[in-house]
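Chemist: Could you have a look at this structure, given as structure tokens, before my questions?
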Amino acid sequence: MDITAAMVKELRELTGAGIMACKKALVETDGNQEAAIEVLRKKGEATAVKKSGRIAAEGVVATLVEDGKAAIVEVNSETDFVAKNEKFQTFVANVVKQIVNSDAADVEALYAEPWALDTSKTVKDELTSQIAVIGENMNIRRFKKIVSDGVVVSYIHAGGKIGVLVEADAQANETVEASMKTIAMQIAAMSPQYISREDISDDELAKMREITIDSALNDVASLPKPIQKDIFAEALSTDALSAEDKAILEEKQNDKYLFNFLSKEAIASLAAISMSKKEEICANKIFNGLVEGRISKQLKEVCLLDQTYVMAADGKQTVKAYLAEVSKEVGAPVALKSFIRFETGEGIEKKEEDFAAEVAKQMK
């Protein structure tokens, strides 16, 4: 059977595969389009296996809110160029729609589900086909869902680099939804870890305190003067410092630039003395005040309600105060219940490409 250009074009439009691949598939199947599609799917699967070892750290985050259900998903690709590809974007949009209507609890369960747009194949099959068509390794990295009888709002930042879902206990109206949209923007920009301090466990708080104490003790330059003097006195009475550093410490210990003159070894020795006196220093009220201040600052950074509202007119209003204003305006409580923030590629170690070395290797 003669394979016409029109047949090749139609198969290419249906599959997105290359022209020569389509022609070969049609020749192999004697012009049978359905059989040719199956051939391309099988060859696409082989191509996907080859590409699966490549690091997929780019991609997009997509969200969908629909009838009291919401989903957020991160789908990765190898390059930002492909992440902007229309076929890739369409695939991601179909994936997040599948998730909203899915009972899958994790990615593996999602992969095993029938693909909603063609139940003759699974989600994994469709991913494999897309890898073959697009030509890069791709994967559905993670997803989460919210089922709510309150208000759920989504926000996508920077073309899909960051995605956010926010859930509030409130009656749905334009004012509440608009306020939740700005809160979602806040979450995208400021990346809080918790809604409030009450969400932090005792173990996490204890760990935060321990880290704060140790970091303070290791930074002798930031310690209160009375504590510094005790550490300096011990350093001068022992052989912890070199003769040169001892002379500098004796001469400049009241100079605010002292630590610019000391050697790295001397600064490390002073930190070691500080850590050895940990129990004694921790009993100091001044030091405890310093630690409490630093912990409070950290909590303001990681707790959403404590953060300064990004659109605050006075530059000081907290998110908590802003929500109180919204509640007053609508005449009913507006309380944040949960949020999810995904950032593309976070936690993935990207491969560093040395282009010059690669060219040199090829030339050899």
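Chemist: Ranked highest first by average number of other Cβ atoms within 10 Å, how do 128-136, 29-37, 65-73 line up?
Modeler: 128-136, 65-73, 29-37
Chemist: Sticking with this structure for a sec: So I have (1) 21.2; (2) 16.4; (3) 29.1, and one of them is mean projected area of the Cα convex hull in nm² calculated from this model. Which one is it?
Modeler: Looking at mean projected area of the Cα convex hull in nm² for this model, the match is (3).
Chemist: In percent, what relative contact order does the stretch 58-192 have, based on Cα pairs under 8 Å that are 6 or more apart in sequence?
Modeler: Normalised by residue count, the contact order of the stretch 58-192 is 29 percent.
Chemist: Taking 32 Å as the cut-off for C-alpha to C-alpha distance, list the pairs among Lys252/Lys316; Lys297/Lys337; Lys207/Lys264; Lys144/Lys207 that go past it.
Modeler: Over 32 Å apart, Cα to Cα: Lys252/Lys316.
Chemist: Next up: Tell me what the chain gives for mean residue ellipticity at 222 nm when only DSSP H runs of n ≥ 4 count, each as -39,500 (n - 2.57), the sum divided by the residue total, rounded to 500 deg cm²/dmol.
Modeler: When only DSSP H runs of four or more count, the value is -16500 deg cm²/dmol.
Chemist: Figure the gain on full extension for Ala172 and Asn288 (residue separation times 0.36 nm, minus the Cα-Cα span) and round it to one decimal in nm.
Modeler: So the extension gain works out to 37.2 nm.
Chemist: If I build a Gaussian network model for the chain, linking alpha-carbon pairs within less than 10 angstrom, which residue out of Phe342, Phe88, Phe287 has the largest mean-square fluctuation?
Modeler: Per the Cα network of the chain with a 10 Å cutoff, Phe287 tops the list.
Chemist: In addition: Per-residue counts of other Cβ atoms within 10 Å, averaged by peptide: what ranking do you get for 198-208, 240-250, highest first?
Modeler: 240-250, 198-208
Chemist: Going highest first, how would you order 142-150, 17-25 by mean Cβ packing within 10 Å?
Modeler: 17-25, 142-150
All of the numbers you see were taken from the coordinates with simple rules; none came from a lab. Quick caveat, the model's predicted, so the values are computed rather than measured. Neighbour counts run over all protein chains shown; Cβ positions are idealised from the backbone, glycine included.
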